[in-house]
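*Asks:* Handing you this structure, nothing more for now.
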Amino acid sequence: MVAVKGNIEQQQEQESQREEYRLLVESVKPQHNVLKNCVMAFLVGGTICVIGQLFLDFFISQGMGEREAAAVTAGTMVFLGAFLTGIGVYDQIGKIGGAGSIIPITGFANSIVAPAMEFKREGFLFGVGAKLFTVAGPVLVYGIITSCLVGIIYYLLQ
Amino acid sequence: MLKILLAFVVGGLICVVGQLLMDLTRSSITPAHILVGFVTGGVLLSALGLYQPLVDLAGAGATIPLSGFGHSLAQGAIKAVEEKGLLGAFSGGIESTAVGVAAAVTFGYAFAVLFNPRS
């Protein structure tokens, strides 16, 4: 009888410890503030697109065709993204903007420069040369494969 | 002015979609997954004719997010197929994104060599 009682007490104690542990984990776990993150992503992403639009309008006003101007705008934004990553500013934008700094093409440039810079000490071939494509590699692989498939399907449906 | 506002709103909303994907799904979803997903998604939406209206509406708001890179890949492939047949399926995508990719590699390399990481 005494043994059974002791068992129950032990179980209760274990349960309360588990509960305490759960509360501790909850309090330490980083809280995603989804709404705030989304507002910041909207503002930062929107602002980057506005900068792109200003360049696009400028290049069109210089007499470029629409497609050509869009390509040059992409190149310009890539330049800015790569430069800001180099001087350490894009990391700060990333902390504020989350996906708003990742999804624009400047974020693509960031994903190219950051690992290449980080792994420079591993040499210019397997450090810089290879790490440039840490994220850009998968992006180009899946983008190009999908676009080839789209082209083939379009050819067959023609 | 309206064009600027539309670029801001549409570009911002596309980024919100990415933020929601990051916050509301498993933590194993990294920025790399998001970028690959947006490019591939952009190619597919463009092929279905759903992305061009967004570009007409919002300009850079639709072309600057990486889904616009996918749109450029898909439209390049489709246009090249119309001009050159099957060969175009393989050449068009890369041709139409050549400026962006070459700029990314060249400037990316230059700034990675020139600068050192903070901290």
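Where a number appears in this text, it was derived from the coordinates with a stated rule and is not lab data. Worth saying up front: this structure is predicted, and the values here are computed from it rather than measured. Ideal geometry is used to build each Cβ from the backbone, glycine not excepted, and the neighbour counts take in all protein chains shown.
*Asks:* Let me know the charge dipole size of segment A:32-157 about its Cα centre in debye, to the nearest 20, where only the beta-carbon of Lys, Arg (+1) and Asp, Glu (-1) is charged.
*Replies:* 300
*Asks:* Between residue B:32 and residue A:25, what is the spin-label point distance in nm, taking each point 7 Å from the Cα along the Cα→C-beta axis?
*Replies:* With each label point 7 Å from Cα toward Cβ, the separation is 2.7 nm.
*Asks:* If you don't mind, there's one more thing I want to ask. Across the protein assembly as shown, what fraction of all alpha-carbon pairs, as a whole percent, falls in each successive 5 Å bin from zero upward?
*Replies:* 1, 6, 11, 15, 16, 14, 11, 7, 4, 3, 2, 2, 2, 2, 1, 1, 0, 0, 0
*Asks:* Any of A:95/B:3; A:131/B:79; A:95/A:131; A:36/A:120 with alpha carbons more than 30 Å apart? Name them for me.
*Replies:* A:131/B:79; A:36/A:120, as the Cα separations exceed 30 Å there.
*Asks:* Explain nothing, just compute: Karplus ³J(HN,Hα) = 6.51 cos²θ - 1.76 cosθ + 1.60, θ = phi - 60°, for every residue of segment B:102-107 in order, whole Hz, x for Gly and Pro.
*Replies:* Residue by residue, segment B:102-107 yields 5, 5, 4, 5, 5, 5 Hz.
*Asks:* Sticking with this structure for a sec: For segment A:84-115 and segment B:83-119, compute the distance between their C-alpha centroids and round to whole Å.
*Replies:* Measuring centre to centre over Cα atoms gives 17 Å.
*Asks:* Work out from phi, with θ = phi - 60° and the Karplus expression 6.51 cos²θ - 1.76 cosθ + 1.60, the ³J(HN,Hα) of each residue of segment A:112-127, listed in order in whole Hz, and give x for Gly and Pro.
*Replies:* With coefficients 6.51, -1.76 and 1.60, one gets 8, 6, 4, x, 5, 5, 4, 9, 4, 5, 7, x, 7, 8, 8, x Hz.
*Asks:* Could you tell me how far the Cα centroid of segment A:42-73 sits from the Cα centroid of segment B:22-71, in Å?
*Replies:* Here the two parts' Cα centres lie 17 Å apart.
*Asks:* Determine, for each peptide in B:48-54, A:37-43, A:70-76, the mean count of other beta carbons within 10 angstrom over its residues, then list the peptides with the highest first.
*Replies:* Highest mean packing first, the order is A:70-76, A:37-43, B:48-54.
*Asks:* May I ask you to derive the FRET efficiency for residue B:87 and residue A:18 from their Cβ-Cβ distance with R0 = 51 Å, giving the value to the nearest 0.05? Don't jump to the answer; show the numbers that get you there.
*Replies:* On the way: r = 65 Å, r/R0 = 1.27.
So, using R0 = 51 Å, E works out to roughly 0.20.
*Asks:* Be a star and scan segment B:1-31 for residues whose amide nitrogen sits under 19 Å from the point 7 Å along the Cα-to-Cβ vector of residue A:34.
*Replies:* Within reach of a label on residue A:34, which here means backbone N under 19 Å from a point 7 Å along Cα→Cβ, segment B:1-31 contributes B:13-31.
*Asks:* Same structure again: So what is the calculated 222 nm ellipticity per residue for the protein assembly as shown, using -39500 (n - 2.57) for each DSSP H run with n of 4 or more, over all residues, to the nearest 500 deg cm²/dmol?
*Replies:* Result for the protein assembly as shown: -27500 deg cm²/dmol, rounded to the nearest 500.
*Asks:* Right, next: Could you please rank A:18, A:67, placing first whichever residue has the fewest other Cβ atoms within 10 Å of its Cβ?
*Replies:* With the fewest neighbours first, A:18, A:67 line up as A:18, A:67.
*Asks:* Still on this structure, please answer the following. In Å, what Rg and Dmax follow from the Cα atoms of segment A:28-145?
*Replies:* For segment A:28-145, the Cα radius of gyration and maximum Cα-Cα distance read 16.2, 57 Å.
*Asks:* Related question: If you average 1/r over all unlike Cα pairs in chain B and invert the result, what Kirkwood radius do you get in angstrom?
*Replies:* Roughly 15.8 Å, rounded to one decimal.
*Asks:* Taking θ as phi - 60°, what are the ³J(HN,Hα) couplings along segment A:79-88 by the Karplus curve (6.51, -1.76, 1.60), each to the nearest whole Hz, with x for Gly and Pro?
*Replies:* Once rounded to whole Hz, the list reads 4, 4, x, 5, 5, 5, 5, x, 7, x.
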